[in-house]
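Asks: Below is a structure I'd like to ask you about.
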Amino acid sequence: MKEYSYLILTILALFGIILAGAYFSPTFEEQKSFLELFYLSGALLFIFSALVIFATIGFGSFAIYGAVFLAAVMGIYGIEGALLITGMTYFVWGSIFAMQVLLFYHHLKSATQWFKERYTFNSFKYEYYIFYPMLWIAYLFLEFIPSILFREDFLRFIPSKILKEMKEVLE
């Protein structure tokens, strides 16, 4: 953990030096250059962070594709476009994952087979923690609200139970 704290401290120091350069520059052009450097450095840090996250999850080939795609979108539409693409990717990928988890929670064989074909327990655990909020959103819209509207009983959702069952299935 200590090496990561030094990395974070170095990154913050670099951004601080760039901002100090922008603040103390005597001319508007120099200030503008420092701010453009700050913006570019932030964009590169964002792209690199997305690459590291995808590679850590276990999607090495998608990580490179995602980083190149994010760089292209950022070049065309700016940081707002890259944030939008990242958010939409999280939402779509998380929704699919959450729906499959809910199907697994209801003990469907096809969902169990889907996870066996695509995941190891470690890769499942990473995605489980990353998409944990999406699990609750999917449960809310696919289980809880329809059960209230149709006055039916609903299955109580216990996410920790999924992780225990998935450990038995995938190991």
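The values are calculated or read from the model by the stated rules, or taken from the named source; none is laboratory data. Just so you know, these numbers come straight off a predicted model, no measurement behind them. Methodologically, a virtual Cβ is constructed for each residue, glycine included, from the backbone with ideal geometry; neighbour enumeration extends over all protein chains shown. Heavy atoms of the whole protein, side chains included, go into the accessibility calculation; ligands, DNA and RNA do not. Shrake-Rupley method; radii C 1.70, N 1.55, O 1.52, S 1.80 Å.
Asks: In the chain, how many lysine pairs have Cα atoms under 18 Å apart, counting only pairs 8 or more places apart or on different chains?
Replies: Qualifying lysine pairs in the chain: 10.
Asks: Ok, one more. Using a Förster distance of 35 Å, how high is the FRET efficiency between residue 62 and residue 24, based on the Cβ-Cβ distance and rounded to 0.05?
Replies: The pair residue 62/residue 24 has a calculated efficiency of 0.25.
Asks: Grab the Cα-Cα distance for residue 150 and residue 125, subtract it from 0.36 nm times how many residues apart they are, and report the gain in nm with one decimal.
Replies: 5.7 nm
Asks: Can you list the DSSP H helices in the chain whose Cα atoms extend at least 24 Å along the helix axis and whose mean Kyte-Doolittle hydropathy is 0.5 or higher?
Replies: In the chain, the long hydrophobic H runs are 2-24, 28-57, 60-77, 79-105.
Asks: Averaged per residue, what accessible surface does region 99-170 expose to a 1.4 Å probe, in Å²?
Replies: 66 Å²
Asks: Separate question: For residue 158 and residue 14, what is the calculated FRET efficiency with R₀ set at 35 Å and r taken between the beta-carbons, to the nearest 0.05?
Replies: Here the calculated transfer efficiency is 0.20.
Asks: Okay, next question. At a Förster distance of 25 Å, what's the computed FRET efficiency of residue 93 paired with residue 45, Cβ-Cβ distance as r, to 0.05?
Replies: 0.70
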